[in-house]
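Worksheet: the structure to be examined is printed underneath.
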Amino acid sequence: MRSGQRLGRRFGWLWGAYGTSALGTWLAFGAFPLIAVQVLHAGPAEVAALSSAGAAVGAAAAVPLGPWVEFRRKRPVLIAMDLVRFAALLTIPTAFALGVLTFVQLLLVSVVVAAADITFRAASGAYLKKLLPAEDLLVANARFESTAWTTTIIGPPLGGMAIGLLGPVATVVADAVSYLLSALGIRATGGHEPQPERPAATPMRARDLLDGWRYILADATLRPLFFNTALFNGLVMAAQPLLAVLMLGRLGFAPWQYGLAFAAPSIGGLLGSQLARPLVIRFGQHQVLAVAGTLRAIWPLGLAFLGPGTGGLLLVMGVEVGLIFCCGVFNPVYATYRLERTATDRVTRTLSAWAVTTKATTALLTAGWGVLGALLGPRTAIGLAGVLLLATPLLLPRRSAALPSEPEPAPGRT
């Protein structure tokens, strides 16, 4: 794996499509809660429901889509999911312009977008594995990770300016258009994609919906990684609303300071993603996965000691830089590790089950930590999340395993 290697025109279009939709997502970061508060005058309970219930219901709605997509061409599915998100999001500015926008519509759109997002991510993993040889997967995932952190840095500030100049739904329009452009980019990848074959010509049964989970839980290396990532992501995200309450309420930080505390440290993710491949070359995939996965769990506990003023702001930024840097290293290595250890004919179901579990876990833990924050105070609840995160490295895979054997192609097919 050499620095700056080319992955071909088709990957270039896929990468461009990913970057476009990622930028649109970060431009619209926080747009739904903002519209709910400023336009629909929603209260805290409704805003919380919009954030958690939308993701949880969307995850449930995505459950049957994984097995369904597994045996279909992935590129048309990717295009369809982009167009679904484009159409769903576009109903928000349309209803706003007509004066008929409601909270129920916001909630329904959030469900549709969440389900389409899970399906897209699962199908894109399967498509990437077929598009590139195994030795290029880490390079590709590192580029996706680098792009994600770049758009995280520039998207929210640009989105804030757009909202200030053009109104609360401006960034939703931009997000919708980004999915349309993403669909066009994926269409431009071209190439022939063979139709996946079912092992037997039988209709999908209810038990088939659990195939992804059965595959993960039966694998000695995927199983611990599955629990590790679900718990880590859920605990980190569960503490974020409480941190906002602590910083913007009791400690008196200004909104711009709060935004700066989380936008600027994303540079750490950009740096970490650039170092992921050289570190794997130097130390090996499993070693990097174990060390980066352990180090990322150490940082969040520091947020429990947050104080007011410049010192507190620097503490948050320091913790976030360390956390995000470790995640920037871990994420592309983990994504590659997971793809390599998942059989080609199981990728979509596995990634779909993974994403559904992660979103559902995050929603449940966020709701639970909201209750803990009300009972114990936000600082204590943040500290408890940090303590529990220290145990998540115990769930990392202890050893690397042999790659799965791939099914033989049917006679006469390529």
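Observations on the structure shown:
- Selection from Thr380, Trp369, Ala355, by position along the positive dipole direction of region 326-402 (Cβ): Ala355
- Net charge of neighbours whose Cβ lies under 13 Å from the Cβ of Gly312, counting Lys and Arg as +1 and Asp and Glu as -1: +1
- Shown for the chain: the carbon plus sulfur share of the solvent-accessible area, taken with all protein chains present and a 1.4 angstrom probe, equals 69%.
- Cα centroid separation, region 73-135 to region 275-302 (Å): 32 Å
- Within region 261-366: Cβ-based charge dipole about Cα centre, in debye rounded to nearest 20 (Lys, Arg +1; Asp, Glu -1): 280 debye
- Inter-label distance for Leu315 and Leu394, nm, one decimal - labels placed 7 Å from Cα along Cα-to-Cβ: 2.7 nm
- CD proxy at 222 nm, helix term only [per DSSP H run n ≥ 4: -39500 (n - 2.57); per residue of the chain; nearest 500]: -24500 deg cm²/dmol
- Annotation: Glu46 carries an accessible surface of approximately 80 Å², with a 1.4 Å probe and no ligand, DNA or RNA atoms counted.
- Contour excess over end-to-end distance, with Cα ends at His192 and Leu83 and 0.36 nm allotted per residue: 37.1 nm
- Ordered by 1.4 Å accessible area with all protein chains kept, His286, His41 run largest first as His41, His286.
- Pairs of Cα atoms nearer than 8 Å and 6+ residues apart set the relative contact order; for the chain it is 27 percent.
- Nearest-0.05 FRET efficiency for Ala218 and Gln38, computed from C-beta distance (R0 45 Å): 0.40
- Cα-based shape type of region 269-392, given that a ≥ b ≥ c are square roots of the gyration tensor eigenvalues and the cut on a/c is 1.5: oblate
- Summed side-chain charge close to Pro224 - residues other than Pro224 whose Cβ falls under 14 Å, Lys, Arg +1, Asp, Glu -1: +4
- In summary, the helical segments of the chain meeting the span-like criteria, namely a full DSSP H run, a Cα extent along the axis of 30 angstrom or more and a mean Kyte-Doolittle hydropathy of at least 0.5, are 74-98, 103-131, 137-166, 222-245, 309-340, 347-376.
- Rough spin-label spacing in nm, given labels placed 7 Å along Cα→Cβ, for Gln287 and Ala53: 5.1 nm
- For region 41-96: rounded, prolate or oblate by the Cα gyration tensor [a/c cutoff 1.5]: oblate
- For Leu279, solvent-accessible area (1.4 Å; no DNA, RNA or ligand), Å²: 60 Å²
- Ligands, DNA and RNA excluded, the heavy atoms of Tyr18 present near 70 Å² of accessible surface to a 1.4 Å solvent probe.
- Taking 25 °C and 0.890 mPa s as conditions, region 192-337 diffuses translationally at an estimated 137 µm²/s according to Stokes-Einstein applied to its Kirkwood radius (Cα pairs).
The values are calculated or read from the model by the stated rules, or taken from the named source; none is laboratory data. From a predicted model like this one, the values you see are computed outputs, not experimental measurements. Here the Cβ is made from the backbone with ideal geometry for all residues, glycine too, and neighbour counts use every protein chain on show. Only protein heavy atoms, including side chains, enter the accessible area calculation; ligands, DNA and RNA are left aside. Shrake-Rupley method; radii C 1.70, N 1.55, O 1.52, S 1.80 Å.
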